[in-house]
Amino acid sequence: MLQIQVRVAPLFLVISLLLSCPIHAQEKGAEIYRAQCAACHGNNAEGNPEHFSDPLRGDLALSELEDLIVKTMPDEHPELCIGNDAKLVAAFVYNQFYSPQAQRRLVDSRIELSRLTVRQFRESIVDLLGAFGDEVSVPDSRGLEANYFGSRNWTEKRRLASQTDKSIDFGEGVPHFDPTGKYESLKPDENPKKDANRMNQGFSVFWRGGLIPVETGHHEIIVESKNGFSLHINDQKNLLIDRRVRSDDVVEHRASIFLIGGRPVGLSLYLFSYPRPPAKIRLLWKRPSGIVEVIPKSSLIPVTPPEICICSAVFPADDASDGYERGISVSKQWDRATTDAAIETAEWVSERMWRLAGTRENDKDAAAKLRRFCYQFVDRAFATRLSEDERQFFVDRHLDQELSKKNQLKRIVLLTLKSPRFLYPAIQNRQRSEEIARQLALTIWDSLPDEKLSQLAAQGELVDPKIVERETQRMVRDWRSKQKVKMFFLSWLKSDRAADSAKDKSIFPDFDDQLVADLQTSLVLYLNDVVWTEPSDYRDLFLADYLYVNQRIGEFYGIPVSSEGFSKVRLPLDKRSGIVTHPLLLSGLAYHKESSPIHRGVFIARQLLGANLRQPPDDVKPLTEEFNLKMTTRERVEHQTKETACMSCHKLINPLGFSLENYDAVGRYRTHEKSKPIDVASVYKTQEGNEVEIRWGS
Amino acid sequence: MKTNIYRREFLRGAGSFALAFPGLSSWCGLNWAIPDFQPGEKKRLVVMFSPNGMVRDGFWPKTEGPDFEMDQVLKPLESLREKTLVIHGICNKVRGDGDNHMRGMSCLLTGNELFPGNIQGGSHKPAGWAKGISIDQEIKNFLQANEATRTRFGTLEFGVRVPNKADPWTRMVYAGPNQPVAPITDPYRMYEKMYGNVKDRENLMSVLNLVREDIELSGARVDVRDRHLLEAHGEYIGQMEQELGNKEKPTYFVAPTELPKNVRDADENMPELSKMQIDLLVNGFANDLNRISTLQFTQSVGQSKMKWLEINEGHHTLSHDPDKKQESQDKLRRINTWYCEQLAYLCKKLEQTKEPGTNQSMLDNTLVVWTNELGHGNSHTLDNLPMVLVGGGFGFEMGRFTKVKNVTTSRLWLAIAHAMGHQIDSFGLADLCSEGPVKL
């Protein structure tokens, strides 16, 4: 548990005094700044490329800033500004430019025009077309519906069992395959000859349901089986893998498919054995991050979601320099990617246009229905109701062209998805109610308004705050917002660092991809608990005294686990508390052999405390263990960062990192390093100048 | 980028083994234009397949040499007699798992055995796919490996009434071991594959114009400080327009075939479907989209009901009747005559089509092979397969009927590979071609 003990608070008074200091004190400070600082830092502290290029801003407390000025400023002549001068100029700089408050005041705040981020683009396409099909509901239950038959095909009277299978991991043989038991005693078919020849000789299983990917990107789906089988994923018409003809004893069959994290897609797998070899099968995936595993129960649902339109076009990464993705720039690459995605979607739509329009090609009102579909398609894409002129521009002129229906549709889809009205949500003119709907959908779902929200928007209902609140509540409960919240946490906590950090196999032989995948699941389950279950208290992010653990995690971290799968295990408070001590984060914030107090400290400073650290100097490499084999990690870091120049940031970073030295490179708890007891004693100085002792656990 | 579209088409063509690569459709693919005209000799190959064995009487000529008889079945080729070579004595000697229809089909062009598998036919051991590449794909790979002979598709696999199921009876083309290639039986889909990108390009071009207009209009509505974003966006759109549009040359030599509309995929439409596919096949050659084509009518054990010939029984059922049942023999002769008419239509169409830029007939640069999975229907023999070659010959002496003794299919494929310029020593099972290419 993070225990905050306020030990000293003398600087409180100083700050209050300074903030209320008389005008002439400020003028005096400004005068000193102009005389001694502005030449290098710029008149408005904006920086000067020839001297000190960064703007003057940061997180040091006023007292620390003053201290820094006394000791180091002006450059090479620190004796010129000491005592009261240093105090006055420090206060001036702090209040005018340096402090976070001053920064907020200085920034010209307006909402910049931005385009859809990559995630927003993909999500919008799915929902734009999903709106013309069945609604998706994601049940709480997990696993796949399974139907077992004593015949080669789905034959009711030869049904052996119906159940939910948690995963398809039957390398030793599928259930109910029993040539001598129940299987033989089945009633023969009414046509004995046919039965003798065919029916009795077969065995089959039909698995049906949905697949919920964890990540976005190209997945390899791997089926291991020597039996005949066929596999559909998302695309209901074309098989992803067709292995109905068994040929040779090939065991492994692979196919690649692009999936969007959190977006359920339909999955059906038909396995048969004929005449009667043993039936064995495993269904695995290789995730974009490289993890290969049996598709886990947590990613399988026993209901089949409708087919979705997935854009697999390769987009350049969005600008995430502010810590989250924003669509603030365009590039040639991005323009091409949106074109590819538009072509892909146009193809998808044109192949399904009659179904999407709710008609059939030869129905007499088919053309009218297709036109209506096109209007709706563009309306939804722009989150508004088009004017007559707009309808003409985006729809009618194309439907009146001498072209096949398919090509007419393709042009409409291409134009709509390439339009700035779709790509930049702020561009389209909308009624206020529609604009609110657009903002809600973008904020809560990263997507477009759904059917219900669009209707309310069109009726002008969303100008009523009560209705906005009600809709917000509804939308937050939707599974899509859960996905967005999850994505927020995973990117905020930089959870993918662990997957990227290879550990030394000779020291940590069992720290493999599978363990990392399990730790990710463990983190997600925990975050779900904190956010989505009562009392839903954010403090549990730091105070929770439990960890989700399965067999593999339990064995690795020495935590006894009794049940199969993941369970919540309470741990002694001195061992773990909250996200910061989750093994996934701790191993991500470490080197391949040793812990890294600097990475951990920077993480806490930037991600949790919101500190604004400067980039470290480029040419500094961390000292490795070989530097001095007797030194502990803490001693090495202290040695390397002891210079005053380093300490301006490291006096914040180091203590935060040292406080986690009880956890090694893979996040295992330790009490000694190099036969020396671990020293976690560390102090954090708050913005207000208070000193706080940092201790994780009791 | 070129490999992208090629790979996509390849995977799509790989039929039952096609991997889903949804990500490969891209605007780059739209830029596939017909390559510049390549002077010099082109060599093309067509393998046409019809099923269920051949009738003995009414097909095989009695006289060897140039004065051979063109009896009822071969009659449609009369005007092409000088360019026709009929060979007796080519045998499919591949044994192992699978019944004769399966091996007849899947080993015909591969000269290789079938893997053990789960497809049960007749009383033989169940089997799976062929263990090797088929000769058309082998030669395709050779042509595609060379810049001078590379084409957009390399091969196109046409089908007429091939049922929508994948098994060793329905696949004769293999990209490699265990990689059957499904023929495209829907002419509209084939058209889409051949010319869809030209249409898509037109679509995109027509839209980009409007997008720029839309961006300019939108620019007026946003904050001045944000306009740079839209201006940059508009420039990229302009660049793409240029890249797509600056190809002044026509995107094809001859106009794409106009297909009749709404022809349903059904037995009674077989004559029309056949014509559409053959028209596309010749059209593809004329635009140099590919140098190799296969044309597969139905499948091994195919049961087409050819009502337009006033035959109501299925083809395979008829082929099981004994030779002495004259009525069935007569029907089988009519069926095979119809197939020969398709061959003749194809060859004459090639003959009438000029090589782009020359006065040469395209048939002179093409070899068309018509064959079958069985020698004779009711005996299910794999010996003495009907083998009719039509075209310029590529060094074969055409215009005659010749008999060879017990020559394996592999040795004939080897000879054809050599004639096409691909000097391989062995193809398929090495034992079956140890004597080298057949001398004709």
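Note the angle between two axes, namely the Cα long axis of helix A:332-351 and the longest principal axis of the Cα atoms of chain A, as a number of degrees from 0 to 90, rounded to the nearest 10. Relative to chain A, helix A:332-351 is tipped by roughly 20 degrees. Relative contact order for segment A:332-477: 22 percent, from Cα pairs under 8 Å spaced at least 6 residues apart, divided by residue count. Given their separation in residues at 0.36 nm each and the Cα-Cα distance between them, A:Ala645 and A:Glu361 gain 94.8 nm when the chain is fully extended. Per residue of B:163-174, other chain Cβ atoms within 10 Å of the residue Cβ number 1 on average. Computed over neighbours whose Cβ is under 15 Å from that of A:Pro509, the net charge equals -1, Lys and Arg +1, Asp and Glu -1. The simple spin-label model puts a point 7 Å past each Cα toward its Cβ; for A:Gln607 and B:Gln242 those points are separated by 4.4 nm. Across segment A:669-674, computed HN-Hα scalar couplings (Karplus, 6.51 cos²θ - 1.76 cosθ + 1.60, θ = phi - 60°) run 6, 9, 10, 9, 9, 6 Hz from first to last residue, x flagging Gly and Pro. When you count the other C-beta atoms within 10 angstrom of each residue and take the mean per peptide, A:163-172, B:272-281, A:542-551, A:410-419 line up highest first as A:410-419, B:272-281, A:542-551, A:163-172. In terms of packing, defined here as the mean over residues of other Cβ atoms within 10 angstrom, the peptides B:362-369, B:48-55 line up highest first as B:48-55, B:362-369. Our note on the geometry: Cα centres of segment B:132-192 and segment B:272-329, 18 Å apart. Using 20 Å as the Cα-Cα cut-off, could you pick out the over-long pairs in B:Lys93/B:Lys125; A:Lys418/B:Lys193; A:Lys369/A:Lys418; A:Lys28/A:Lys651; A:Lys297/A:Lys482? As for pairs spanning more than 20 Å Cα to Cα, those are A:Lys418/B:Lys193; A:Lys369/A:Lys418; A:Lys28/A:Lys651.
Take each peptide in A:207-214, B:155-162, B:349-356, count the other Cβ atoms within 10 Å of every residue, and average; sorted highest first, the result is B:155-162, A:207-214, B:349-356.
Here the accessible area is traced with a 1.4 Å probe on the protein chains. For segment A:332-477, carbon and sulfur cover 46 percent of it.
Sparsely packed loop sites in segment A:329-402 (the trypsin sites (Lys or Arg not before Pro) outside DSSP H, G, I, E and B with at most 14 other Cβ atoms within 10 Å) comprise A:Arg360, A:Lys364. Computing Rg and the Kirkwood Rh from the Cα coordinates of segment A:332-477 gives a ratio, Rg/Rh, of 1.00. Here the spin labels are modelled as points 7 Å beyond Cα on the Cα-Cβ line, and at A:Arg159 and A:Met487 they lie 4.0 nm apart. Counting, for every residue in A:107-114, the Cβ atoms of other protein chains within 10 Å of its Cβ and taking the mean gives 3.
Projecting label points 7 angstrom from Cα along Cα→Cβ for B:Ser206 and A:Asp500 puts them 4.6 nm apart.
Among residues other than B:Ser328 with Cβ under 11 Å from its Cβ, the summed charge is 0 (Lys and Arg +1, Asp and Glu -1). R0 = 41 Å: FRET efficiency of B:Asp186 with B:Gln326, Cβ-based, nearest 0.05? Rounded to the nearest 0.05, the efficiency is 0.65. Membrane-span-like helices in chain B, defined here as complete DSSP H runs extending at least 18 Å along the helix axis by their C-alpha atoms with mean Kyte-Doolittle hydropathy no lower than -0.5, are B:270-286; this is a sequence and geometry rule, not a statement about a membrane.
When you filter the trypsin sites (Lys or Arg not before Pro) in segment A:428-513 for DSSP loop state and at most 13 other Cβ atoms inside 10 Å of their Cβ, you are left with A:Lys505.
Loop-resident chymotrypsin sites (Phe, Trp or Tyr not before Pro) (DSSP state other than H, G, I, E or B) in segment A:449-538 with no more than 13 further Cβ atoms inside 10 Å of their Cβ: A:Tyr538.
Pairs with C-alpha atoms separated by more than 18 Å, drawn from the list A:Lys280/B:Lys131; B:Lys348/B:Lys439; A:Lys166/A:Lys280; A:Lys505/A:Lys568, are A:Lys280/B:Lys131; B:Lys348/B:Lys439; A:Lys505/A:Lys568. Taking every residue in B:110-120 and counting other chain Cβ atoms within 10 Å of its Cβ, the average works out to 4. Put a plus charge on the Cβ of each Lys and Arg, a minus charge on the Cβ of each Asp and Glu, and nothing anywhere else: the dipole of segment A:332-477 about its Cα centre is then about 180 debye. At R0 = 35 Å, how high is the FRET efficiency between A:Leu543 and A:Gln514 if r is their beta carbon distance? Nearest 0.05 is fine. The pair A:Leu543/A:Gln514 has a calculated efficiency of 0.75. Computed from Cα atoms, the angle from the helix A:405-418 axis to the main principal axis of chain A rounds to 10 degrees.
Against chain A, whose longest principal axis is taken from its Cα atoms, helix A:479-492 shows a tilt of about 40°.
The values are calculated or read from the model by the stated rules, or taken from the named source; none is laboratory data. Quantities reported herein were computed from a predicted structural model and do not represent experimental measurements. Ideal geometry is used to build each Cβ from the backbone, glycine not excepted, and the neighbour counts take in all protein chains shown. SASA here: full protein model, heavy atoms, side chains in, ligands and nucleic acids out. Shrake-Rupley method; radii C 1.70, N 1.55, O 1.52, S 1.80 Å.
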